[in-house]
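Participant: The structure follows.
The values are calculated or read from the model by the stated rules, or taken from the named source; none is laboratory data. Here the structure is a predicted model, which means the values were calculated and not measured. Note that each Cβ is placed from the backbone with ideal geometry, even for glycine, and that neighbours are counted across all protein chains shown. Note: areas computed on protein heavy atoms with side chains; ligands, DNA, RNA excluded. Shrake-Rupley method; radii C 1.70, N 1.55, O 1.52, S 1.80 Å.
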Amino acid sequence: SWRGLADAAKSAGISDEYLFKAGLLKESDTGRDPYDTFRNRVMFPVINTMGRVIAFGGRLMGDVKAAKYINSPQTLVYNKSEALYGINIAKNEIRKQEEAIMVEGYMDVLQLHQAGIKNVVSTSGTAFTPQQVSILHRYAECLVLIFDADNAGQSAMSRALPIALEEGLAVKVLTLPNGEDPDTFVKQFGKEGFVGFKTQHTADFLEFLIAGEKQHDTWDDPRHKKQVVARSIGLIAMVKDPIEREAMIQQLHQL
């Protein structure tokens, strides 16, 4: 509510100043008392690898006109570029599976974990960063990116690719059917359906890039094809192992 957290914190001896620093309280534009940042929202605690709550995401409830999701600001304990949602419970499974799955949203992580697919994390409402990839690399050598099939999701996927390759990870991509995200897909088809689809449709990043470009009318234009090849070679150049690079050049030629 407007001051539910602030009043409870005051009763517990926690000052407003502390809540401001944590991003949990905001000043009112209307001159009223400071108000709870996350009022009327479902809360998603962001927990670090040590199991400590460092931030929150909040999803709006009801028909109020406001941002659907908001996230904690940068604080003394929360570095957005390093945080991964779900890493505290996913890290051991990532190590066991030798593979990390990166999705876009809080609900995607929760639904997949609930279905028994537990090597899954997401960013905390931020763009994918080198620091996050470095953390994942502690636990596995392979990263599977599952982003939405819409333009925003595919753009995010393209931005994530060079970051992951630069870190030295083996990067694979899974594109779900149009209109589906991991949350809706696993609710509809369950763990077996998701794992089966992932096994059948996961592609390495070159296959993903070329398949996506072949869907465009401009694919047969030599100039466009040259641009695609140049971009692909730029990504291959980020791969550190020379034998892998050579194999990828041959694969690109075949594609």
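Participant: Points 7 angstrom from Cα along the Cβ direction at ARG159 and ILE89: gap in nanometres?
Facilitator: Output for this residue pair reads 2.8 nm.
Participant: Please list log₁₀ I(q)/I(0) at q = 0.14, 0.17, 0.23 Å⁻¹ for region 195-234, using the Debye equation with identical point scatterers on the alpha-carbon positions.
Facilitator: One equal scatterer on each Cα of region 195-234 leads to -0.38, -0.51, -0.74.
Participant: Among GLN111, GLN227, GLN131, determine the one that fluctuates most according to a GNM of the chain built with springs between C-alpha atoms less than 10 Å apart.
Facilitator: GLN227
Participant: Right, another one. Apply the Karplus parameterisation 6.51 cos²θ - 1.76 cosθ + 1.60, with θ equal to phi minus 60°, to every residue of region 180-192 and state each ³J(HN,Hα) to the nearest whole Hz, in sequence, with x for glycine and proline.
Facilitator: Going residue by residue, I get 9, 10, x, 4, 5, 5, 6, 5, 7, 10, x, 4, 4 Hz, with x marking Gly and Pro.
Participant: Find the relative contact order for the chain and round it to a whole percent, using C-alpha pairs within less than 8 Å whose residues are 6+ positions apart.
Facilitator: 12 percent
Participant: Two decimals, Cα atoms only, Kirkwood Rh: what is Rg/Rh over the chain?
Facilitator: Values: Rg = 21.0 Å, Rh = 20.2 Å.
Result for the chain is an Rg/Rh of 1.04.
Participant: Let me ask another. Short version: ³J(HN,Hα) in whole Hz for each residue of region 128-141, in order, from phi by Karplus 6.51 cos²θ - 1.76 cosθ + 1.60 (θ = phi - 60°), x for Gly and Pro, what are they?
Facilitator: 5, 10, x, 5, 5, 5, 4, 5, 5, 5, 5, 10, 7, 9
Participant: Treat region 115-198 as a sphere of radius equal to its Kirkwood radius over Cα pairs and apply Stokes-Einstein at 20 °C in a medium of 1.002 mPa s; give the translational diffusion coefficient in µm²/s, rounded to a whole number.
Facilitator: Values: Rh = 13.6 Å.
Result for D is 157 µm²/s.
Participant: Grab every C-alpha pair in region 174-255, bin the distances at 5 angstrom width from 0 up to the longest one, and report whole percents.
Facilitator: 3, 13, 20, 17, 14, 14, 12, 7, 1
Participant: Taking H as built 1.01 Å from N, whose amide H comes closer than 5 Å to the amide H of LYS172, not counting residues under 5 places away?
Facilitator: Those qualifying (amide H under 5 Å, at least 5 residues apart or on another chain) are LEU143, VAL144, LEU145.
Participant: Can you pull the accessible area of GLU17 for me, 1.4 Å probe, Å² to the nearest 10?
Facilitator: Using a 1.4 Å probe on the heavy atoms, I get roughly 120 Å².
Participant: List, in order, the whole-Hz ³J(HN,Hα) value for each residue of region 35-42 obtained from phi through the Karplus relation with A = 6.51, B = -1.76, C = 1.60 and θ = phi - 60°; use x for Gly and Pro.
Facilitator: With the stated coefficients, region 35-42 comes to 10, 5, 4, 9, 4, 6, 9, 6 Hz.
Participant: Taking the Cβ-Cβ separation of GLN250 and ALA152 as r and a Förster radius of 35 Å, what is the calculated FRET efficiency to the nearest 0.05?
Facilitator: 0.60
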